[in-house]
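Remarks on the structure that follows.
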Amino acid sequence: MDDQMYVNAVKSDIRKALVNQKGNSCPLAVRLAWHASGTYSKHDDTGGSYGATMRFPPEKEDGANAGLDIERDILQEVKRQHPDLSYADIWTLAGAHAIEIAGGPPIEHKLGRTDAQDGSACPAVGRLPDASQGAEHL
């Protein structure tokens, strides 16, 4: 199977996980992708979606990530179907595809992220952009 056929197969499985008789979790998928990616720091090249560190404390316990365990659980079926694909790739692809499912434009996505084995690479709690703090904290 070529790369695009594989991505399309994964996107089909993501769609089945996100939109089904139980409901539509596209907004949560976008939030998960944003929160996984929004911790990236260009200053020291840490954080971000690589590693899928939100699976570990302290990041998974950060109040800003409250409720995202629901979406991580929803996407667990996609991981079971595609065990060689990283959580980091599944979460970011799910967020991008959720926008498309909701009527937005297709978003280019490249696979290749890896997963951390533990929480040692978790970014500091509070690193997500927070509108209530203004731009100064970025």
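The values are calculated or read from the model by the stated rules, or taken from the named source; none is laboratory data. Note that the structure is predicted; figures quoted are calculated from it, not measured. Please note: Cβ atoms are built from the backbone with ideal geometry, for glycine as well, and neighbour counts cover all protein chains shown. To get the accessible areas, we keep the full protein, side chains included, count just its heavy atoms, and leave off ligands, DNA and RNA. Shrake-Rupley method; radii C 1.70, N 1.55, O 1.52, S 1.80 Å.
Quick notes on this one:
- Rolling a 1.4 Å probe over the protein heavy atoms gives the chain an accessible area of 57 Å² per residue.
- Our Cα-only numbers for the chain put the radius of gyration and Dmax at 14.8, 47 Å.
- Partner lysines whose Cα lies under 18 Å from the Cα of residue 11, excluding those fewer than 8 positions away in the same chain, are identified as 79, 110.
- For the stretch 86-138, the fraction of 1.4 Å probe accessible surface lying on carbon and sulfur atoms is 54 percent.
- Only helices enter the 222 nm calculation for the chain: every DSSP H run of n ≥ 4 contributes -39,500 (n - 2.57), and dividing by all residues gives -12500 deg cm²/dmol, rounded to 500.
- When 125, 10 are compared by accessible surface with a 1.4 Å probe, the order from highest to lowest is 125, 10.
- Of all the options 23, 48, 112, the one that moves most in a Gaussian network model of the chain with Cα springs shorter than 10 angstrom is 23.
- Between residue 19 and residue 43, the FRET efficiency estimated from the beta carbon spacing at R0 = 41 angstrom works out to 0.60.
- Max mean-square fluctuation residue, GNM over the chain, Cα-Cα springs under 10 Å, options 121, 66, 94: 66
- Of the trypsin sites (Lys or Arg not before Pro) found in the stretch 1-66, those that fall in a DSSP loop while having at most 10 other beta-carbon atoms within 10 Å are 22, 42.
- The chain, relative contact order in percent, only Cα pairs under 8 angstrom and at least six apart counted: 33
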